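Down below is the structure, laid out as structure tokens.
The values are calculated or read from the model by the stated rules, or taken from the named source; none is laboratory data. Model, not experiment: these values are computed from the prediction. Cβ placement follows ideal geometry from the backbone for every residue including glycine, while neighbour counts extend to all protein chains displayed.
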Amino acid sequence: MPDSIFGLPLHPLIVHATVVVVPLAALLVILQVCWPRFRAWAGPLPPALSLAALVLTPLSTSTGESLEEQVGESSLVEKHAELGDQLIWFTVALFVFSAAFWWLERARHHAAELAAGPAAPTTTPGSGGTATLTAPAPARHTTSAPERFRTLTAIVGVLAVLAALGTGVQVARIGHSGAKAAWSDASSALVR
């Protein structure tokens, strides 16, 4: 991978994409879990954006390591690099829990539809050419697959929200340390 594009270091360019996609993915995962109407509208968008965040994370750290070699070592750059290296675990968790929640939610709805049986009323021929309209018998309520899916989906949803919150906090910490590292040299140059 090249270190620069048109004379600009590649790291700040990729990081700007990461700084937008990762928090947006975290927000969409929280909405996916907490807001059923959004969940119905978004479909697989939160896991897809979480996957994009997962792909951007190693690209950001890789280009950051290349830039670190050019800039030289300092305690601020080291702290930023250390925090950046930890982000991959947050984005892995964000993607895994978001995708698992999306899949479980779909499976839960499918299992509930199967358990409910036919939804349409049926007609039975009666005597004298008349037909009788009868509603389908209600499904028996037992602790079945939909109930187990509901519990598992709720647990995975809580884990997805925790992963999203942790990812958002980690991105803020990385961004703050990166800004301090980038601007500390500029502010010390102004003081001189």
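From the residues in segment 17-42 that are out of contact with any helix residue (DSSP H, G or I) (no Cβ under 8 Å at 6 or more places or on another chain) and not hydrophobic (A, V, I, L, M, F, W, C), which one is nearest to W89 (Cα to Cα)? Applying the filter and picking the extreme gives P36. Residues that are closer than 24 Å to A179 by Cβ number at least 2 in the following helices (runs of 4 or more DSSP H) confined to segment 11-123: 45-71, 75-116.
Contact annotation: residue pairs with Cβ atoms under 8 Å, 6 or more positions apart or on different chains, pairing a residue in segment 37-62 that is over 13 Å from L24 (Cα atoms) with a partner that is crowded, with 16+ Cβ neighbours inside 10 Å and among the small types (G, A, S), are S60/G84; T61/A81; T61/G84.
Just one of the numbered conditions (1) at pLDDT below 95; (2) part of a helix (DSSP H, G or I); (3) under 30 Å from A163 (Cα atoms) is not true of G128: (3).
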